[in-house]
Amino acid sequence: MGRVIAIANQKGGVGKTTTAVNLSASIAAAGRRVLLIDLDPQGNATSGLGVNKNTLAHTLYDAMVEHVPLSQVVQGTMLDSLFLVPSNRQLVGAEVEFVGIESREYRLRRCLEPLQNEYDYVIIDCPPSLSLLTVNGLVAASAVMITLQCEYYALEGLSELLQTIKLVRDNLNPGLRIEGVLLTMHQHTNLSRQVVEDVRSHLGEKVYETVVPRNVTLSEAPSFGKPVILYDAKSPGATAYLALAREVIARG
């Protein structure tokens, strides 16, 4: 059975979608079959892999709300081993339509179950909020990867996310665990170094050795619809995500 990792943080702009796209591509480049699920109505992971959000026959919305089999939503990408479940703004309506529906927190999990054995890894890009969609991602996952930006307020709000993870584990998904904490947007400044030290002192071995730098190439690649390893494989951003992929694979 494939590992299902939800990438989550209720704050926006912390490298969550960048990590979802580039970690998925880097694991696929290592020869594993990877399914990336875009659970964010903004659809940035979808466009980041070169898929036009406005011309999709089916999206994750159709699977979660209209009961279209997820296998009919999955699309190939420019990497042979990487597959995508795309999303667009239509997914915003899912939370409204789920109101009053029994077991609404399990919708994504049930969509995914028939396909889970077909992939070595399933990566879920959660929206930047602690919403019902994010809860669906946490219920479907076996582990959570938390992205933290190397800035002054890095740890602020983390306790709220950890509390949500605990509630999901206690009430909906007993097997959920923290896969790891990834530090992103690191710069060679005293502040960044201090944040890294603080996060490691608080969270210990949960923090990945890999630290993702603030890198213009990581910002440019999505506008070309490519993961960074296909846009500029020698860039510091690509090197970091390839190293992260090795860490994730090594953790089993």
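Odds and ends about this structure:
Condition check ((1) touching a residue at least 40 places away in the same chain (Cβ under 8 Å); (2) closer than 21 Å to Leu56 by Cβ; (3) among the hydroxyl-bearing types (Ser, Thr, Tyr)) across all residues:
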| residue | (1), (2), (3) |
| --- | --- |
| Gln75 | no, yes, no |
| Leu79 | yes, yes, no |
| Phe83 | yes, yes, no |
| Ser87 | yes, yes, yes |
| Gly93 | no, yes, no |
| Glu105 | yes, no, no |
| Leu108 | yes, yes, no |
| Cys111 | yes, yes, no |
| Asn117 | yes, no, no |
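- The residue of segment 1-33 that is surrounded by the most Cβ atoms within 10 Å (Cβ to Cβ), among those that are small (Gly, Ala, Ser) and in a helix (DSSP H, G or I), is Ser24.
- As a summary of the residue check, Ala154 satisfies the conditions (1) over 16 Å from Gln10 (Cα atoms); (2) assigned to a loop (DSSP other than H, G, I, E, B); (3) within 20 Å of the chain's Cα centre (by Cα) except for the one numbered (1).
- Leu91 meets all of the listed conditions (1) modelled with pLDDT of 95 or more; (2) surrounded by 19 or more Cβ atoms within 10 Å (Cβ to Cβ); (3) in contact with a helix residue (DSSP H, G or I) (Cβ under 7 Å, 6 or more places away or on another chain) but one, namely (1).
- Matching option when the condition is small (Gly, Ala, Ser), without any contact (Cβ under 8 Å) to a residue 24 or more places away in the chain and closer than 23 Å to Thr46 by Cβ, among Ala233, Ala238, Ala221: Ala233
- Residue in segment 14-23 that is touching a Phe, Trp or Tyr at 6+ places or on another chain (Cβ under 6 Å), in contact (Cβ under 8 Å) with a residue 60 or more places away in the chain and of a type in the set (Ser, Thr, Tyr) present: no
- Of all residues in segment 168-190, those that are more than 17 Å from the chain's Cα centre (by Cα), surrounded by 13 or more Cβ atoms within 10 Å (Cβ to Cβ) and not in a loop (DSSP other than H, G, I, E, B) total 3.
The values are calculated or read from the model by the stated rules, or taken from the named source; none is laboratory data. Quantities reported herein were computed from a predicted structural model and do not represent experimental measurements. Cβ sites come from the backbone with ideal geometry, for glycine too, and all protein chains shown count toward neighbours.
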